[in-house]
Ligand SMILES: [Zn+2]
């Protein structure tokens with residue numbers, strides 16, 4: 001076979017302050033920069049689904065035709081312009097190749113939680129446009145993020161769909177490999193697998209989705225047990241996407257689904273997994289700490305600990321739509337007189353420029369950060385000492401993005417009292433210890449770390465952490481979905497585990 005492959009990833013928080021423009025996709029932000037054609041092969045060493053897919057099909061003697069791979073950091077809606085240009089490029093390649101009969105199947109590396117300005121279900125719409133060209137017989141397989149809000153349209157229009165099983169997402173490439181296996185099995189048997197899907201009737205906060213903790217760890221454990229217990233001829237593939245609970249459209253929410261060539265075994269496995277997820281619903285509740293309480297607790301623990309206490313500033317996580325600029329946690333550290341503390345990454349291009357202009361050793365008086373869209377947040381006007389400068393170029397070292405090169409623009413290490421602030425010119429979720437080291441902060445030696453991240457940081461930081469607390473300082477990402485001003489959810493959906501009904 002020759003397989004047309006393309007990637008288009010965005011996680012949309014429809015409540016977030018900033019949209020994803022075409023330029024956001026060109027830069028890639030948290031993702032690799034946009035690549036097209038043969039340059040997609042540059043991703044073969046990166047932990048992204050398309051690399052796992054390409055490696056697997058090539059190892060089985062097949063070829064691929066890459067179109068484009070484009071992803072942008074989580075934010076508000078994808079602009080109409082960005083969506084139409086990128087989706088249009090994929091559909092055009094589908095058309096041209098179809099007319100020339102140059103490919104036999106299609107693989108799409110999608111997120112599953114993309115909302116564009118003009119389209120609620122970004123991925124479903126893309127699949128519909130592709131099906132309109134290639135018809136119902138063309139084999140199409142799709143891989144999705146664990147945070148996908150999976151729609152009926154996505155599942156119906158693809159022959160098979162698989163999702164990540166880890167959060168932090170250390171299995172992105174492996175999910176691409178599983179999509180490839182399914183495609184090869186479909187091709188070998190010459191038939192489409194059965195599909196069974198069930199929607200979970202409540203939203204799950206992202207902070208309780210970490211597969212390094214319960215209950216999520218147990219759910220994916222059962223998923224794999226069920227797959228292994230099925231007869232090999234059943235070809236059972238199960239997925240659970242707990243969803244992204246900040247996209248205001250009717251199909252936002254968790255979905256369990258399975259594919260296989262024996263309908264009964266797919267149904268039984270999906271029902272068993274659904275029961276494990278729904279009972280008891282309370283297992284998904286999260287406890288959040290207030291900033292002042294969390295900082296005081298961290299300072300007490302730090303008196304005797306040899307490892308850092310980590311506070312997750314989850315509501316300003318750029319990975320879920322924050323801009324990485326809220327000041328609530330820094331204010332809490334300063335108010336408590338915290339020592340040997342560091343916070344990262346604060347995205348403030350003007351502050352980084354001021355630090356570079358002033359030079360190392362200088363004192364600068366600036367208004368740092370501040371998210372204008374957050375009522376309880378404001379810039380922190382104060383004097384900071386410039387301790388170090390950096391070009392912001394580094395290579396990720398942790399398990400999630402290992403080996404990926406990054407460029408956060410001009411960066412600086414600023415000191416205020418006992419707190420070091422890592423300031424960047426581009427926003428990115430703090431999920432890797434090298435993001436501190438790029439400005440000369442050794443995270444392992446700090447007493448307190450404030451990471452602007454929800455869960456992804458755990459992959460690289462849990463092994464060095466004395467304790468981890470999830471903190472709710474004012475920010476654009478509302479960690480408890482029950483507090484969001486929903487307007488378009490499915491009626492009857494519970495807004496949090498055992499929470500109020502929409
Ligand atoms: Zn995700």
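The values are calculated or read from the model by the stated rules, or taken from the named source; none is laboratory data. Note that this is a predicted model, so its numbers are computed, not measured. All Cβ positions, glycine included, derive from the backbone under ideal geometry; neighbour counts span all protein chains shown.
I'm trying to understand the selection: among the residues of the range 121-173, which are away from the ligand (no atom under 16 Å from the Cβ), crowded, with 22+ Cβ neighbours inside 10 Å and under 23 Å from residue 24 (Cα atoms)?
121, 124, 126, 127
Looking at (1) surrounded by fewer than 23 Cβ atoms within 10 Å (Cβ to Cβ); (2) outside any strand (DSSP E or B), which is the only condition residue 64 fails?
Unmet condition: (2).
Go through the range 349-377 residue by residue and tally those that are assigned to a loop (DSSP other than H, G, I, E, B) and touching a helix residue (DSSP H, G or I) at 6+ places or on another chain (Cβ under 9 Å). Write out each step before concluding.
Filtering the range 349-377 down to residues assigned to a loop (DSSP other than H, G, I, E, B) leaves 359-362, 369-377.
When the remaining residues are screened for being touching a helix residue (DSSP H, G or I) at 6+ places or on another chain (Cβ under 9 Å), the result is 362, 369, 371, 374, 376-377.
Going through the range 349-377 one residue at a time, the tally reaches 6.
Taking the condition of being touching a residue at least 40 places away in the same chain (Cβ under 8 Å) and over 16 Å from the mean Cα position of the chain (by Cα), how many residues in the range 451-466 meet it?
Quick first cut of the range 451-466, residues touching a residue at least 40 places away in the same chain (Cβ under 8 Å) only: 451-462, 464-466.
Filter again for over 16 Å from the mean Cα position of the chain (by Cα), leaving 461-462, 464-466.
Qualifying residue count, the range 451-466: 5.
Residues checked against (1) surrounded by fewer than 18 Cβ atoms within 10 Å (Cβ to Cβ); (2) assigned by TED's automatic domain parsing to the domain that holds residue 222; (3) assigned to a helix (DSSP H, G or I):
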{"site": "306", "(1), (2), (3)": "yes, no, no"}
{"site": "325", "(1), (2), (3)": "no, no, no"}
{"site": "330", "(1), (2), (3)": "no, no, yes"}
{"site": "333", "(1), (2), (3)": "no, no, yes"}
{"site": "339", "(1), (2), (3)": "yes, no, no"}
{"site": "342", "(1), (2), (3)": "no, no, no"}
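Pick out the one residue from 220, 194 that is modelled with pLDDT of 95 or more, touching a strand residue (DSSP E or B) at 6+ places or on another chain (Cβ under 9 Å) and within 16 Å of the ligand (Cβ to nearest atom).
Just one listed residue meets the conditions, 220.
Being assigned to a loop (DSSP other than H, G, I, E, B) and out of contact with any helix residue (DSSP H, G or I) (no Cβ under 9 Å at 6 or more places or on another chain), is that true of even one residue in the range 413-431? Don't jump to the end; show me each part of the working.
Pass one, the range 413-431, residues assigned to a loop (DSSP other than H, G, I, E, B): 417-418, 425-431.
Filter once more, so that each one left must be out of contact with any helix residue (DSSP H, G or I) (no Cβ under 9 Å at 6 or more places or on another chain): none.
Checking the range 413-431: not a single residue is assigned to a loop (DSSP other than H, G, I, E, B) and out of contact with any helix residue (DSSP H, G or I) (no Cβ under 9 Å at 6 or more places or on another chain).
If I filter the range 443-458 for residues that are touching a strand residue (DSSP E or B) at 6+ places or on another chain (Cβ under 7 Å), in a helix (DSSP H, G or I), outside the structural domain of residue 146 (by TED's automatic domain parsing) and closer than 30 Å to residue 382 by Cβ, do I get at least one hit?
Yes.
When the residues of the range 225-245 are narrowed to those that are assigned to a loop (DSSP other than H, G, I, E, B) and away from the ligand (no atom under 16 Å from the Cβ), which ends up farthest from the chain's Cα centre (by Cα)? Please lay out each step first, then the result.
Of the range 225-245, the ones assigned to a loop (DSSP other than H, G, I, E, B) are 230-231, 235-236, 242-245.
With away from the ligand (no atom under 16 Å from the Cβ) added as a condition, the list becomes 230-231, 235-236.
On the way: 230: 31, 231: 33, 235: 28, 236: 26 Å.
For the range 225-245, the residue satisfying everything is 231.
Per-residue answers, yes or no, for (1) within 16 Å of the ligand (Cβ to nearest atom); (2) in contact (Cβ under 8 Å) with a residue 40 or more places away in the chain:
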residue	(1), (2)
42	no, no
48	yes, yes
58	no, no
66	no, yes
74	yes, yes
97	no, yes
119	no, no
